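The values are calculated or read from the model by the stated rules, or taken from the named source; none is laboratory data. For clarity, every value in this text was computed on a predicted model and none was experimentally measured. Backbone-built Cβ (ideal geometry, glycine too); neighbour counts: all protein chains shown.
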């Protein structure tokens, strides 16, 4: 179904296998999901993506679950089916309850609706909303 | 710049003025922003949007600031300039710090990047990410 | 503000001026809007776009105003500000009332909302909705 | 394939079952499609969505089939596969002929093309297209 | 899975069969892919799309492979799964190497990321980037 | 107009000023464009974006101008006005002629059109277009 073969550990170049090992170690599971296996054709892109992802989603000013829900929101707006599935699963793994998931969906639906209205009405930005 | 005139209090139909008053009361400010003034041509749509927004963004399973940041994320992905401005301001009003804003942007950038990669590679969804 | 200069009649190549004349004749106005002046750098693209537009938006199985409202809906979903403005004006010129405009916006808002929910929930297509 | 289980009548909470019954009564069919079964985890969101959808898509200033075609146009631009399928089926059920469907697709294709050109050229909005 | 039946040579109207033959002749293969079979319900749209596509993708100021990669980039950003598959295959047929594919993906990912940042920050356009 | 102040050299944190200097050195100009000044609030994000951009857009398997045109295509499809402006200017600086620009726009328009048709028709992917 993909546009490139998903590489198994045996098929992946050595540099990509090393990233697979980093993913396994960071996540405490032997499972490496399809996204990384598709990226494994390009070890430099695979490594850059994994390392930046780890830095961005790691401890910081926002709660890890909040970041995961923001990721899911963006994936929904971009219509990325793979990303919607993987980040819904990731959010659940980080403790998202069914009530939180439902509320997240309600916010996403609300925002999508008012986004369309503001665009169709071409509402000019209020001066007080500008900073720079 | 809009596709409809923005209605002042005097120009708005009585039913829309009543919603303006509800907005003022809920927000503790006399200022009614342009989005509502553009919607005021259709009192039914104005009321339905305001009431549902209040229900969705009010107290619930998620923190109000988290919901505001999700709203901002969706607005960014949808390319709605008005919404990006108004919800950045709203998030700041609810306590978003500069560090949190920066981290939110980093998550949005990360997700946009991996969304594009997953779409271009047409990565098939891992069985373990499916629920229904 | 554009990424190319908008060509006046004097600046436009002869082949583009000929398309400007076709636009004037078809619309019964001397005014040629900015979109065509931006395309005028490439007479072949200008002509192909104008001729196909005329064929598609002309008499057919759908009412011209309905087609204009569909055009506006697509422009909204694509976040094309120029297109939202020009096709709102075109729909009004073809008779769209304020009540019809308001109802169109309500449909656009509704669809944007349920689109986001269906994507976030990754709802599988019901067998009865498939044809081919 | 979904990110939540699709709830059967037996699995759905009582409040969601009541909405299922409202859908059946309004549509004159026993079949409740997957979208509603996915929303059934959150009875409040299910009810709000169904009730607003009924109000928006019911009798008004626009023909019901026109509204359904606008819905389909938005679903296409948003890349929502489920919505494209369900609203194509709904438009057919409301009388859309093959000729109308073909013409709708031609308008959608035309708009998508000129939207991209207007965005790439960053065409400034003509003063005469502004209202507010 | 489609919203219309995919027409075989036998089912297609004569005018659409003639376009199928033009496609076969131009591509030197007997295979007509699903996109054209879905469009075959509307011979006028089928012919207009095929002829314009041939003109645009034929010899010109840009290398044919470059045009194919731009097509793939747009298809990715629009989240069109069919288009991503068919234009990845077309780019390979025109000589895209694995290294070029990988680098194309890296550019697409980079652009998607900075697009999101520029939108979320609402960066004003520098005067020197404007032409018209 | 931005959602954050654009930082001058004096206002920017030292780590961001260092990135400004790297940008100046790489581009051989004293001008630092607004995008980088908006990112300067978060030195880590600024540095990561600049360094990855430099790696991706530098010498590789694809011609630098081709990469710039792909960047512009993605920016168009994402509706990012700032990016459309800055990458049109960048492509011109790397030698894009008016004829190449016109042809690029024609490809973008063509792809946007067929993307919409493939999505609205929900065309199933041909088996021969799948790899993985």
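Structural remarks
- Members of region E:92-120 that are under 24 Å from residue B:81 (Cα atoms) and either facing chain A (nearest Cβ under 9 Å) or touching a strand residue (DSSP E or B) at 6+ places or on another chain (Cβ under 8 Å) (or both): E:109, E:112, E:116
- Enumeration of residues in region A:28-37 that are assigned to a helix (DSSP H, G or I) and over 15 Å from the mean Cα position of the chain (by Cα): A:37
- Checking residue B:24 against (1) buried (at least 18 other Cβ atoms within 10 Å of the Cβ); (2) modelled with pLDDT of 95 or more, the condition it does not meet: (1)
- If you go through region F:29-43 and keep only what is within 29 Å of residue D:123 (Cα to Cα) and either buried (at least 19 other Cβ atoms within 10 Å of the Cβ) or in contact with a strand residue (DSSP E or B) (Cβ under 8 Å, 6 or more places away or on another chain) (or both), you end up with F:32, F:33, F:34, F:35, F:36, F:37, F:38, F:39.
- Residues (buried (at least 19 other Cβ atoms within 10 Å of the Cβ), in contact (Cβ under 8 Å) with a residue 12 or more places away in the chain and either assigned to a helix (DSSP H, G or I) or within 11 Å of chain A (Cβ to nearest Cβ) (or both)) located in region F:1-16: F:2, F:4, F:6, F:7, F:16
The rows are residues; the columns are (1) within 11 Å of chain D (Cβ to nearest Cβ); (2) surrounded by 23 or more Cβ atoms within 10 Å (Cβ to Cβ).
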| residue | (1), (2) |
| --- | --- |
| B:45 | yes, no |
| B:63 | no, no |
| B:72 | no, yes |
| B:123 | no, yes |
| B:129 | yes, no |
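- Where helices (runs of 4 or more DSSP H) fall wholly inside region F:38-115, the ranges with 1 or more residues that are within 23 Å of residue E:79 (Cβ to Cβ) and either touching a residue at least 12 places away in the same chain (Cβ under 8 Å) or out of contact with any helix residue (DSSP H, G or I) (no Cβ under 9 Å at 6 or more places or on another chain) (or both) are F:64-77, F:81-93.
- Filtering region E:116-132 to residues that are part of a helix (DSSP H, G or I) and touching a helix residue (DSSP H, G or I) at 6+ places or on another chain (Cβ under 8 Å) leaves E:116, E:117, E:118, E:119, E:120, E:121, E:128, E:129.
- The single condition from (1) closer than 30 Å to residue E:101 by Cα; (2) free of Cβ contacts under 8 Å to residues at least 24 places away in the same chain; (3) within 14 Å of chain C (Cβ to nearest Cβ) that residue E:28 fails is (3).
- Note on region C:10-22: residues that are within 16 Å of residue C:47 (Cβ to Cβ) and out of contact with any helix residue (DSSP H, G or I) (no Cβ under 6 Å at 6 or more places or on another chain) total 7.
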